[in-house]
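Here the structure comes first, spelled out in structure tokens, and everything after it is commentary.
What follows draws every value from the coordinates through simple rules; no lab data is involved. Since the structure is predicted, the reported quantities are computational estimates derived from the model, not experimental observations. Virtual Cβ from ideal backbone geometry, glycine too; neighbours counted across all protein chains shown.
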Amino acid sequence: MRGSAPSTLAAGSGVPPLVADRVAKTYDDGRQVVPVITELTFSLSPGEIVSIVGPSGCGKTTLLNVLCGLIPLSAGQVRWYGTPLSGMPPKVGYMLQKDLLFPWRTALANVKLGTEIKKIPAREAEERSRSLFVQLGLAGFENAYPATLSGGMRQRVALARTLINDPDVLLLDEPFASLDFQTKLLIESDTARLARAGHRSMLCITHDIEEAVSLSDRVIVLSSRPTRIKSVYRIDIEGDRTDMMAARESRGFSEYVRCIWRDLEIARH
Ligand SMILES: Nc1ncnc2c1ncn2[C@@H]1O[C@H](COP(=O)(O)OP(=O)(O)O)[C@@H](O)[C@H]1O
Ligand SMILES: [Mg+2]
């Protein structure tokens with residue numbers, strides 16, 4: 001099992017929701033010039049789950065911020081549904097390691113936030129939110145404040161908030177990194193289930209190789225900074241792809257993990 005050359009642009013059928021075309025990013029504050037990303041090209045297919053793994057500090061968060069227009073790129077182009085990015089892309093949900101819930105709002109009010117911004121009628125917002133609470137095992141905690149919830153529950157609320165406006169694409173930046181192993185597996189499974197059932201595409205940034213392999217259809221391995229794509233693995237494991245424990249026990253899983261680990265070891269030097 002070897003990672004293929006990092007040359008692919010489009011994979012699968014249909015217009016790719018997201019294309020990064022020779023994207024480069026250099027931070028330059030006038031005093032210091034920090035090249036972070038060089039000539040990075042990949043695409044995300046409709047309904048595909050892709051994870052990006054790379055050494056700490058290689059530029060993963062920078063890449064995600066560039067892809068969704070939070071920071072400007074230095075060269076290349078980002079296209080959403082075939083159109084060059086301008087501003088924040090539509091139909092995208094973004095989830096970070098920190099849950100960033102408002103402490104003064106109840107769990108339900110935090111989830112509804114996106115519907116208020118989009119001016120969704122109150123009744124529809126209520127229905128959507130309550131349905132997500134049920135789907136994510138949060139029923140009964142609608143009126144709880146974030147401080148009274150466990151880390152795992154807060155991340156579930158954050159996931160519900162990310163899904164409330166029914167995004168076509170989910171961008172995740174290490175959202176499960178601070179959770180204990182068991183909680184992490186359960187939330188990863190829920191996230192995969194909600195992404196796959198809704199035919200959403202998902203790009204997940206992580207430093208956790210096992211998470212990347214169990215969750216994804218494809219894993220992109222980045223080199224150290226200035227980062228470029230080192231290898232790409234199509235994850236071909238059998239069984240229920242929404243059950244992270246089953247994925248970890250499936251044939252082939254540990255071989256993918258070993259190969260990616262080896263690539264990352266090399267990437268550090
Ligand atoms: N605003 C900034 N100005 C200058 N350098 C930055 C800025 N943000 C991040 N960096 C640097 O860019 C590199 C990549 O950071 P980041 O994208 O956060 O990495 P990762 O998410 O892979 O850990 C790091 O060396 C970091 O210090
Ligand atoms: Mg980061």
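Could you tell me which GluC sites (Glu not before Pro) in segment 202-269 are loop residues by DSSP with no more than 14 other beta carbons within 10 angstrom of their beta carbon?
Passing sites in segment 202-269 are GLU238.
Please give the charge dipole size of the chain, origin at the Cα centre, charges +1 on K and R Cβ atoms and -1 on D and E Cβ atoms. Round to the nearest 20 debye.
Magnitude of the dipole: close to 460 debye.
What ranking of LYS118, LYS98, LYS60 emerges when the number of other C-beta atoms within 10 Å of each C-beta is taken as an exposure proxy, fewest first?
Fewest-to-most ranking of LYS118, LYS98, LYS60: LYS118, LYS98, LYS60.
Tabulate in residue order the Karplus-calculated ³J(HN,Hα) for segment 167-173, using 6.51 cos²θ - 1.76 cosθ + 1.60 with θ = phi - 60°, rounded to whole Hz; enter x for Gly and Pro.
For segment 167-173, the Karplus curve yields x, 7, 10, 10, 10, 10, 10 Hz.
Rounded, prolate or oblate: pick one for segment 176-215, where a ≥ b ≥ c are the square roots of the eigenvalues of its C-alpha gyration tensor, a/c under 1.5 means rounded, and failing that, prolate if a/b is larger than b/c, else oblate.
Oblate, since a/c reaches 1.5 and b/c is not below a/b.
In this model, which of LYS91/LYS119; LYS25/LYS230; LYS184/LYS230; LYS60/LYS91 are farther than 23 Å apart at the alpha-carbon?
LYS184/LYS230
Just rank LEU40, LEU136, fewest to most, by other beta-carbon atoms within 10 angstrom.
Ascending Cβ contact count within 10 Å gives the list LEU136, LEU40.
Given the chain, what percent of its DSSP beta bridges are antiparallel, to the nearest 5?
If I count the DSSP bridges inside the chain, around 50 percent turn out antiparallel.
In whole Hz, what ³J(HN,Hα) sequence does segment 14-30 give by Karplus (6.51, -1.76, 1.60; θ = phi - 60°), x for Gly and Pro?
Computed from phi, the couplings for segment 14-30 are x, 5, x, x, 9, 10, 9, 10, 6, 6, 9, 9, 10, 7, 9, 9, x Hz.
Arrange the following residues from fewest to most other Cβ atoms within 10 Å of their Cβ: ARG31, ARG225, ARG22.
ARG31, ARG22, ARG225
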